[in-house]
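Derivation of every value follows stated rules applied to the coordinates shown; laboratory data play no part. Note that the structure is a prediction, hence the values are computed from the model and not measured.
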Amino acid sequence: MGDAVGFRAFAAWKGLSALAFKVCNVRGPKVSIAPEKLAEFQTAPLSTVEEVKQLEKDHLKYEELLAFMATGSAPVDDPIDPRDVESEEAAATASSDLITFESEAALRAHAPDLVEIATMSDKHVLLLKDQARREVYLLSQKDDHILPALTLLGGFGGGVLQTRNDAVAEAIPWALPKGDKESVQLMMQGDDDDTKNKSKKAGSLYATVKPLEKKAAQAGTSVTITAYGKLQATTTQGMHHFTFQYPDGEPRHKAMDYILKNSAGKASSGNFFASLADRRGWQGSLGYMWRLVHDPVRHQLAARKPFVVNEVKISLKKGIPVKVAWPKTAMATTPPPTET
């Protein structure tokens with residue numbers, strides 16, 4: 001009896017630092033619910049969405065206390081995630097500089113040939129494409145809506161990864177410019193590309209690789225990734241992170257592009273961005289999230305295809321289109337919508 005009480009007392013003393021976080025992340029002075037976990041409920045029934053919102057509100061009351069309990073004697077084999085963390089205030093206002101139209105009617109008068117489709121993972125929000133100007137807008141028609149950062153919006157359709165050819169402009173370079181902080185989607189080998197995205201795990205490359213690297217180490221090898229070679233665990237100033245064996249620019253790094261297939265298939269969120277593919281990328285708030293396929297036998301991560309996500313949290317007002325992407329060559333003064 002005494003031993004049992006002593007064990008519970010020791011566990012309580014160690015606090016949250018002894019727990020493996022599966023839903024939350026330690027973010028500076030707070031413990032926050034991981035955005036990718038909240039994103040899984042975006043397409044849930046309305047009653048479930050409301051329950052999740054209430055859960056978020058309740059969690060905010062305790063996040064600072066939880067962080068205090070979670071700090072202290074963290075296990076040495078549970079290194080700190082080195083990703084940069086935005087404050088909630090910064091994330092909430094990051095989309096304030098984006099251009100808006102005063103109404104959907106005003107946008108359609110400006111761009112009468114808009115192509116529209118619901119986003120890939122949030123059917124409450126429409127993607128609107130002005131092909132002539134190569135611009136993309138987001139619109140919530142029914143209510144005010146918050147789009148969490150890294151929401152999966154759409155894709156480029158079918159394609160193939162091949163040796164880089166800078167002469168091909170309509171391509172997506174395979175690149176991880178943020179290193180292990182890059183956001184990726186993990187798919188297990190043998191899974192179908194067309195299965196629902198909620199069955200695939202998304203997060204930083206660091207968080208994705210960490211459990212895979214432990215299994216590879218147990219097998220006496222390392223995780224490798226397309227073109228970058230081995231992912232090498234290292235610690236810099238007390239911060240654990242992964243580096244690449246063959247980083248960009250290293251002579252043995254094989255630069256590659258995702259080249260789109262010439263397909264005139266039915267329009268969908270999965271190929272919405274195909275006609276906008278540009279190796280230079282865009283201006284605005286959109287970015288790429290690459291799908292990686294894991295081979296658990298060879299401990300390999302293979303780049304499969306890129307998707308488009310919003311890189312910041314975006315607050316949408318009912319009926320107010322927000323411009324989120326436009327060509328890098330576009331002038332800052334165009335087009336002439338009403339700014340709000």
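Return the long-range amide H neighbours of residue 324 (sequence gap of 5 or more, or a different chain), with a cut-off of under 5 Å between placed amide H atoms.
136, 137, 138
Which links in 266/317; 129/318; 123/318; 37/313 stretch past 25 Å when you go from one Cα to the other? Can you show the working numbers first?
On the way: 266/317 30 Å; 129/318 18 Å; 123/318 14 Å; 37/313 15 Å.
In this structure, 266/317 exceed 25 Å between Cα atoms.
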